[in-house]
Amino acid sequence: MGGYGDVQMIDENGLRMDGRKPEDCRPIQIETGVIPVADGSARVIWGKNEVIAAVYGPMEAHPRKIQRQDRAVLDVRYNMAPFSTSDRIRPGFNRRSREISKVTAEALESVVLLELYPRSKIRVEIEIICAEAGTRCAGITAASVALAHAGIPMTDLVVSVASGKVNDVVVCDLNKEEDNYGEADLPMGILPNTGELVFLQMDGDLSQEEFKTAWDYNMEAAAKIHEEMARALKGGEA
Amino acid sequence: MLVAPGDDLGSSSDLEPGHGVIVVDGRLKAVKQGRTTNDGKQIGIQPRRTAYVPRPSDLVIGCVEGMTNNIWFLDIGAPFNAILPLSLGPAKGSFGGLRTVMDVGDTVLCRIQEVEENHSSVATMKGMGLRKLKSGIVESVDPHLLGRVIGSKGSNLASLKEETDTRITVADNGRIWIDGDVDGISAAREKLLEMMETAKVSEYRGDE
């Protein structure tokens, strides 16, 4: 996507720059209850990404015009800390964080049983502490764990993971270099128990076969990440 | 058994769905994080955390958050404030003079009279023992852990009152009013928080 197609990112043995095989995911660690004052919270450390999500609510929706008479609204805010990348990020909303907040809210709306809380609001705050490609996926994953931790009823967790293409090889869970200099990126939001899809974006070009491979990689990775999410929720803090 | 949202809990032909469980295509599915309870007929989930949802006749401790000429707004720990109309408030209130009876920040023991379809509720102070609280402290616990505070037939609560020589009122919204002398209050409060800590641990570190 960066237009540097000649950067060599897969070695002669088919391994990636950080030693992973194409289908491998970065190591992931999830813990709950990291923000004691919040109703629910989670921290996801995924490779070098670090994300904290906090959930407050359900509470009365303000301003009144955002209230829905038949269901709750999800107020999602995705934000990158100014120090999360080597280039300082100007604090506050920008075009990118607005877009990610919107797609995250839409992905989570399909699992949360919003109709149980008419006229209310559920506030989801996602803060990126350290960014190394794939923060929107880490953010959605953290937010869904935090929602479950807050006791919000939901039909399933949402696992989000991205696959992409570098040097014409489809690889799972891109790191920073692969994201910057690769040719495509396909983040997906998956419901692990049913295999349904609640979120899909694509940047760059993938052929039909490549798309299929990326899809399969994402599905496999989602199953592994879901195990870690369930472990965090079931065995986590008291 | 501890479950996360989306976990499959078996076929719906064997068991009825209880709290936190739904049926999808003949399968029982968890929608909350928590511990399952199964009495042979119904499978439910004892959640880690619940938001208080008011029901008619609940005894609640509310905090005055605002008022108009004839209505007080009470924070009862639910997603929405409850309203306390002048006609259901303390006897001496008069139109426009609500502030002289109960001001912002005052705490009241009241009952939920009515809950509307859209979750807004009406509180009342007409009833025995319902009044403004002028002494003591209010401690909050998760509403689903109230059963542990009270104990079977009120045993835990009775012994807590006895040991610390305090008056304790447990409200359904998870707020607990403790009154007595200073030492008694602080002892009761410490015991209560300790009880909550063990309750949470036994829920999550218990019989895995």
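Miscellaneous remarks
- The residue of the stretch B:135-149 that is surrounded by the fewest Cβ atoms within 10 Å (Cβ to Cβ), among those that are in a helix (DSSP H, G or I) and within 12 Å of the chain's Cα centre (by Cα), is B:Gly147.
- Of all residues in the stretch B:57-94, those satisfying the criterion of being at pLDDT below 90, in contact with a helix residue (DSSP H, G or I) (Cβ under 7 Å, 6 or more places away or on another chain) and not small (Gly, Ala, Ser) are B:Pro90, B:Lys92.
- The residue that is nearest to the other protein chains (Cβ to nearest Cβ), counting only those in the stretch B:1-29 that are under 19 Å from A:Thr32 (Cα atoms) and part of a strand (DSSP E or B), is B:Leu2.
- Verdict on A:Tyr78 being surrounded by 18 or more Cβ atoms within 10 Å (Cβ to Cβ), of a type in the set (Phe, Trp, Tyr) and either farther than 30 Å from B:Asp75 by Cβ or in contact with a Pro (Cβ under 8 Å, 6 or more places away or on another chain) (or both): no
- Looking only at residues of the stretch A:38-74 that are part of a helix (DSSP H, G or I) and within 15 Å of B:Pro79 (Cβ to Cβ), we find that the one that is nearest to the other protein chains (Cβ to nearest Cβ) is A:Arg64.
- Enumeration of residues in the stretch A:114-172 that are hydroxyl-bearing (Ser, Thr, Tyr) and within 14 Å of chain B (Cβ to nearest Cβ): A:Tyr117, A:Ser120, A:Thr141, A:Ser144, A:Thr155
- In the stretch A:81-118, the residue that is nearest to A:Leu197 (Cα to Cα) out of those that are surrounded by 15 or more Cβ atoms within 10 Å (Cβ to Cβ) and among the polar types (S, T, N, Q) is A:Ser110.
- For A:Asn180: the one exception among (1) part of a strand (DSSP E or B); (2) in contact (Cβ under 8 Å) with a residue 60 or more places away in the chain: (1)
- Remark: pairs (first residue in the stretch B:171-191, among the aromatic types (Phe, Trp, Tyr); second residue in a loop (DSSP other than H, G, I, E, B); Cβ separation under 8 Å; 6+ apart in sequence or on different chains) = B:Trp177/B:Gly136; B:Trp177/B:Ala171.
- Check on B:Lys126, free of Cβ contacts under 8 Å to residues at least 60 places away in the same chain, in the same structural domain as B:Leu9 (by TED's automatic domain parsing) and either of a type in the set (Lys, Arg) or within 30 Å of A:Arg68 (Cβ to Cβ) (or both): no
- Which listed residue is among the small types (Gly, Ala, Ser) and within 13 Å of B:Arg55 (Cα to Cα), from B:Ser120, B:Ser94: B:Ser120
- Meets criteria (surrounded by fewer than 19 Cβ atoms within 10 Å (Cβ to Cβ), touching a residue at least 40 places away in the same chain (Cβ under 8 Å) and in a helix (DSSP H, G or I)) for A:Glu220: yes
- Selected residue (criterion: nearest to B:Ile176 (Cα to Cα)) from residues of the stretch B:81-134 that are acidic (Asp, Glu) and either within 14 Å of chain A (Cβ to nearest Cβ) or loosely packed, with under 13 Cβ neighbours inside 10 Å (or both): B:Asp103
- Contact map, the stretch B:32-47: residues that are within 14 Å of another protein chain (Cβ to nearest Cβ) paired with residues that are surrounded by 14 or more Cβ atoms within 10 Å (Cβ to Cβ) and of a type in the set (Phe, Trp, Tyr), Cβ distance under 9 Å, separation 6+ or inter-chain. Pairs shown: B:Arg35/B:Tyr204.
The values are calculated or read from the model by the stated rules, or taken from the named source; none is laboratory data. All figures in this text were calculated on a predicted structure; none of them were measured in a lab. Backbone-built Cβ (ideal geometry, glycine too); neighbour counts: all protein chains shown.
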